[in-house]
Amino acid sequence: MSLSLSLSLSLLSSHPISGRHVGSAATHVFPISPRVFRGSMSVWPARVSLDPHTLRFRVSAAARVGHLLHDAGATAAVLVGAYGLVLSFDNLSQRKLIQQSLSRKLVHILSGLLFMVSWPIFSTSTEARYFAALVPLVNCLRLVINGLSLVKDDGLIKSVTREGNPKELLRGPLYYVLMLILSALVFWRDSPVGVISLSMMCGGDGVADIIGRRFGSMKIFYNEKKSWAGSISMFVFGFLVSIGMLYFYSILGYYQLDWIETLQRVALVSLVATVIESLPITEVVDDNISVPLASMVAAYLSFGY
């Protein structure tokens, strides 16, 4: 071994300033001046290890990419599930296994609830809520395109409209998906407000329509289009679905709730939503706007976050 090679190995194995071995990840190895190797045949390349700040940056960047890929996959999975749900009920109604009106309401109930149930599969990154909101946003675009008759999706129209008129897609169904987007972006998994408001819109209002049509012979005195059976079922199922969703999220560790107070607060929100749903304002404000917005306000005032 030549003298220059021996000297090179000696310098690389022990830092001349710190005296630490190069193998330590925390050691900064500064470039060695070529003058040290004067007369040698070659110059050894400088070896620079990562300082803790750079290492954290690279780890953070890798984690960010991992979150993006995770959320993109979750978004794709939920989109497939949402499309499959609508397609399944469309097939059931076409085969005359269930009535079209019932199919429409079941889609109304299940699509929003399943969307909420899917939130925990997204990552913990700050961008996760935006990926989740892409699901109702895609459905929003489908409703607008079909509602304007730019394209025609008979399965979609039959599944979510009352009379099969494409223009209906630009009213109740469109407001519905806009509330899903709003709840995901504003409240997400961090607050029970979004969960409760969607539970009232999907579970409470959805079941109220089904029960009201079948057993709604006794009408409310201030609104002949609403029945006592529908309003009672709105209160009961809005309350039960909300509690069920809050319990689901509390098991996963998102909320720490005092259940005695929670039951009282959710009952109050359910009462407010029921009263709003029973008012004769449907021609002015659609239930898919009035019910979730009133529930958001009441839940926010009750829970404070």
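The values are calculated or read from the model by the stated rules, or taken from the named source; none is laboratory data. All values reported here derive from a predicted model rather than from experimental measurement. Neighbour counts are summed over all protein chains in view; Cβ atoms, including those assigned to glycine, are modelled from backbone coordinates with ideal geometry.
Quick notes
- Screening Leu150, Leu143, Leu169 for residues that are modelled with pLDDT under 95, farther than 23 Å from Asn91 by Cα and of a type in the set (A, V, I, L, M) leaves exactly one candidate, Leu150.
- Selection over the range 191-213 of residues that are among the hydrophobic types (A, V, I, L, M, F, W, C) and under 10 Å from Ile109 (Cβ atoms) gives a count of 4.
- Of the residues Leu141, Leu97, the single one that is surrounded by fewer than 20 Cβ atoms within 10 Å (Cβ to Cβ), among the hydrophobic types (A, V, I, L, M, F, W, C) and part of a helix (DSSP H, G or I) is Leu141.
- Filter result (crowded, with 19+ Cβ neighbours inside 10 Å and among the acidic types (Asp, Glu)) within the range 260-305: Glu277, Asp287
- Some residue of the range 188-199 being within 10 Å of the chain's Cα centre (by Cα) and among the β-branched types (Val, Ile, Thr): no
- Taking the range 169-184 as the range and being farther than 10 Å from Pro292 by Cβ and part of a helix (DSSP H, G or I) as the test, the residues that pass are Leu169, Leu170, Gly172, Pro173, Leu174, Val177, Ile181, Ala184.
- When each of Phe215, Phe239 is tested for being buried (at least 18 other Cβ atoms within 10 Å of the Cβ) and over 20 Å from the mean Cα position of the chain (by Cα), the lone residue that passes is Phe239.
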